[in-house]
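The values are calculated or read from the model by the stated rules, or taken from the named source; none is laboratory data. None of the values given here were measured: they were computed from a predicted structure. FYI the Cβ positions are ideal-geometry reconstructions off the backbone, even for glycines, and counts take in every protein chain you see. These accessible areas exclude ligands, DNA and RNA; they are computed on the full protein's heavy atoms, side chains included. Shrake-Rupley method; radii C 1.70, N 1.55, O 1.52, S 1.80 Å.
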Amino acid sequence: MELLFLTLDKEDEKPLYEQLYLNIRQAIIRQDIATGTKLPSKRQLGDFLNISQTTVELAYGQLLAEGYIISKPRVGYFVEAIDELPYVEKETIVSGPLSDEPSSYRFDFSPGKIDEAGFPFRLWRKYAKDIYDESSKQLLQPGHPQGEYALRIEIARYLYESRGIHCLPEQIVIGSGTEQLLPMILRLFNKTAKIAFENPGYSAIPHAHIQSRAIPIAVDEEGLIVDKLEKSDASLVYITPSHQFPTGAVLSATRRTQLLKWAAQEQSRYIIEDDYDSEFRYIGKPIPALQGLDKGDNVIYMSTFSKSVMPSLRVAYFVLPLTLLPKYREIFSYYSATVPRFDQHILANFMRDGHFSKHLNRMRKIYRKKHDKLISVLSKHYPAVNISGDSAGMHVLLSVPTTLTEKELQSSAQQAKLHIQPITRYILTPIAYEQPTFILGFGGIPIEDIEEAIHALMKAFHYTNSTL
Ligand SMILES: Cc1ncc(COP(=O)(O)O)c(C=O)c1O
């Protein structure tokens, strides 16, 4: 009998019929039993394995249902051809690079981290408690695809008061993050439309799938070089004008006008303005949003609560020009909003009662202190390093004059349990940096640890005062 190799374990938790089914299925997939082979009858196999015919019948029934065998009435069961499903031995996944376990860093300089001590837990808890109540039972039902109207009203009000943006709640679309919303925006346009991205820039890595349409445009101390955009065949441009990510450059007034003019020249041209951390500006006045200056309808404004409230909230949004709304509704009205309704209402009520602006004011002070401390430690103890992009946000750029390579510095920091990203992580096409350059995020490091964190980093970089 062909199936002599079958082994069943009566002590096993799995029922016998399932063990038998799995055994035979594996033998078929591995082609240990050739296509066309006749399987033993239920009685033969039951006797042979000392199990009931019903057990065999159940196993054969499952194999039959899944198409591994066929039944020929009054003749028997035969193995089906399944050569379109080649057997692939699965590798056992070991922990290591694939592990989802959070790493425990001594200090984490990632730009996405926020201050934990300043989060208003008591207030947030109150709003969460209030909304999880029977009086809100309608929130158990599906919500509006563009997000809760109550939250859109608050966002529209905030944008008008703080960013000079005029928009209706109807123009706002809420989603679970910039990375989720950007591809949605891109779907509103022709599939072949070329998209210009800042290089280095935020979207370089996550949106690699549109790389064939992506046009990298260099950035200097005045932000995106609009002359280069004008010479390209891009019809869309993604830009972070208030605080270029990651260089920190502010798009100059001349370039702003030039960019808006570029967009106004052709109907198909649009600017996607990502205003991700504009709330945190330490030098000079807030930079007005491009959207507010736009005379045409060419700017799609987007922003996030990841910096201003918390990155784990997963709430970001975009504001569509009225001209794009019909297209948006045509494509997306059957999609569901990606942020839980209860979370949207917690945020909306927090904003409605004025806590968001108070929170921003407090956090601005905290980040300013952290920022000033970071700059003072670096300039006092390590005057030869270069710091740039230091007028806003929650990170600066740090360039280190050294004979070591970026890779060597990074692995040395890693060994010292310090997390820091090189700027090259955000490039679309290679840029030759004279010195290894890193993104030094300070949002998540408690102010009292900043000095120690910088010394630890510089030590890991083999960079002490004596190196100077
Ligand atoms: C340029 C830029 N945009 C947006 C975000 C926030 O993205 P999300 O809304 O997906 O958290 C970040 C976060 O660091 C960013 O650097």
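Of the candidates Ala196, Ala150, Ala128, the single residue that is out of contact with any Gly (no Cβ under 9 Å at 6 or more places or on another chain) and part of a strand (DSSP E or B) is Ala196. Among the residues making up segment 277-293, those that are surrounded by fewer than 21 Cβ atoms within 10 Å (Cβ to Cβ) and not hydrophobic (A, V, I, L, M, F, W, C) are Arg281, Tyr282, Gly284, Lys285, Pro286, Pro288, Gly292. When Leu428 is tested against the conditions (1) open to solvent by 10 Å² or more (accessible area, probe 1.4 Å); (2) at pLDDT 95 or above; (3) not in a helix (DSSP H, G or I), the lone failure is (2).
Residues being among the hydroxyl-bearing types (Ser, Thr, Tyr), assigned to a loop (DSSP other than H, G, I, E, B) and surrounded by 16 or more Cβ atoms within 10 Å (Cβ to Cβ) are represented in segment 448-468 by at least one member.
Residues satisfying the criterion are absent from segment 151-160 (criterion: of a type in the set (Phe, Trp, Tyr), touching a residue at least 60 places away in the same chain (Cβ under 8 Å) and farther than 22 Å from Tyr328 by Cβ). For segment 224-247, how many residues are buried (at least 23 other Cβ atoms within 10 Å of the Cβ) and small (Gly, Ala, Ser)? Total meeting the criteria: 1. Scanning segment 383-415 for residues that are open to solvent by 40 Å² or more (accessible area, probe 1.4 Å) and small (Gly, Ala, Ser) gives Ala384, Ser388, Ser411.
For segment 202-218, the candidate set comprises residues that are of a type in the set (Val, Ile, Thr) and more than 16 Å from the ligand (Cβ to nearest atom); within that set, the residue that is modelled with the lowest pLDDT is Ile210. Within segment 126-171, which residues are under 29 Å from Asp274 (Cβ atoms), among the hydroxyl-bearing types (Ser, Thr, Tyr) and open to solvent by less than 20 Å² (accessible area, probe 1.4 Å)? Scanning segment 126-171 gives a single hit, Tyr127. Taking segment 252-280 as the range and being within 15 Å of the ligand (Cβ to nearest atom) and at pLDDT below 95 as the test, the residues that pass are Tyr276, Asp277, Ser278, Glu279, Phe280. The single condition from (1) surrounded by fewer than 18 Cβ atoms within 10 Å (Cβ to Cβ); (2) within 15 Å of Leu6 (Cβ to Cβ) that Tyr17 fails is (1).
Ser312 meets the conditions (1) within 16 Å of the ligand (Cβ to nearest atom); (2) more than 23 Å from Thr424 (Cβ to Cβ); (3) over 18 Å from the mean Cα position of the chain (by Cα); (4) open to solvent by 30 Å² or more (accessible area, probe 1.4 Å) in every case but one. The failed one is (3). Is it fair to say His345 is modelled with pLDDT of 95 or more and in the same structural domain as Gln244 (by TED's automatic domain parsing)? It is true that His345 is modelled with pLDDT of 95 or more and in the same structural domain as Gln244 (by TED's automatic domain parsing). For beta carbons closer than 7 Å, sequence separation of 6+ or different chains, a first residue in segment 291-304 that is touching a residue at least 12 places away in the same chain (Cβ under 8 Å) and within 16 Å of the ligand (Cβ to nearest atom) and a second that is part of a strand (DSSP E or B) and of a type in the set (Gly, Ala, Ser), the qualifying pairs are Met302/Ala316; Ser303/Ala316; Thr304/Ala316.
Only one entry in Lys369, Lys380 is free of Cβ contacts under 8 Å to residues at least 12 places away in the same chain, open to solvent by 70 Å² or more (accessible area, probe 1.4 Å), closer than 30 Å to Thr464 by Cβ and not assigned by TED's automatic domain parsing to the domain that holds Gln180, namely Lys380. Of all the residues in segment 199-225, those that are over 19 Å from Tyr270 (Cβ atoms) and assigned to a helix (DSSP H, G or I) number 5. Taken over segment 407-424, the criterion of being polar (S, T, N, Q) and within 14 Å of Lys459 (Cβ to Cβ) is satisfied by Ser412, Gln414, Gln415. If you scan segment 170-180, which residues turn out to be more than 8 Å from the ligand (Cβ to nearest atom) and closer than 23 Å to Gln211 by Cβ? Across segment 170-180, the qualifying residue is only Gly175. Between Ile165, Ile174, Ile114, the distinction of being on the phi < 0 side of the Ramachandran plot and outside any loop (DSSP other than H, G, I, E, B) belongs to Ile174 only. For Phe438, the conditions (1) closer than 18 Å to Glu408 by Cα; (2) part of a loop (DSSP other than H, G, I, E, B); (3) not acidic (Asp, Glu) are fulfilled apart from (2). Scanning segment 215-246 for residues that are polar (S, T, N, Q) and under 19 Å from Met302 (Cβ atoms) yields Ser235, Thr240, Ser242, Gln244.
What about Leu378, is it modelled with pLDDT of 95 or more, closer than 24 Å to Tyr433 by Cα and of a type in the set (A, V, I, L, M)? For Leu378, the condition - modelled with pLDDT of 95 or more, closer than 24 Å to Tyr433 by Cα and of a type in the set (A, V, I, L, M) - is met. Only residues that are open to solvent by less than 20 Å² (accessible area, probe 1.4 Å) and either of a type in the set (Gly, Ala, Ser) or touching a His at 6+ places or on another chain (Cβ under 9 Å) (or both) were counted in segment 248-275, giving 4.
Does Asn199 satisfy being surrounded by fewer than 22 Cβ atoms within 10 Å (Cβ to Cβ), within 16 Å of the ligand (Cβ to nearest atom) and of a type in the set (S, T, N, Q)? Against the criterion (surrounded by fewer than 22 Cβ atoms within 10 Å (Cβ to Cβ), within 16 Å of the ligand (Cβ to nearest atom) and of a type in the set (S, T, N, Q)), Asn199 qualifies. Might you check whether a residue that is within 12 Å of Val173 (Cα to Cα), at pLDDT 95 or above and within 16 Å of the ligand (Cβ to nearest atom) occurs anywhere in segment 321-334? Scanning segment 321-334 turns up no residue that is within 12 Å of Val173 (Cα to Cα), at pLDDT 95 or above and within 16 Å of the ligand (Cβ to nearest atom).
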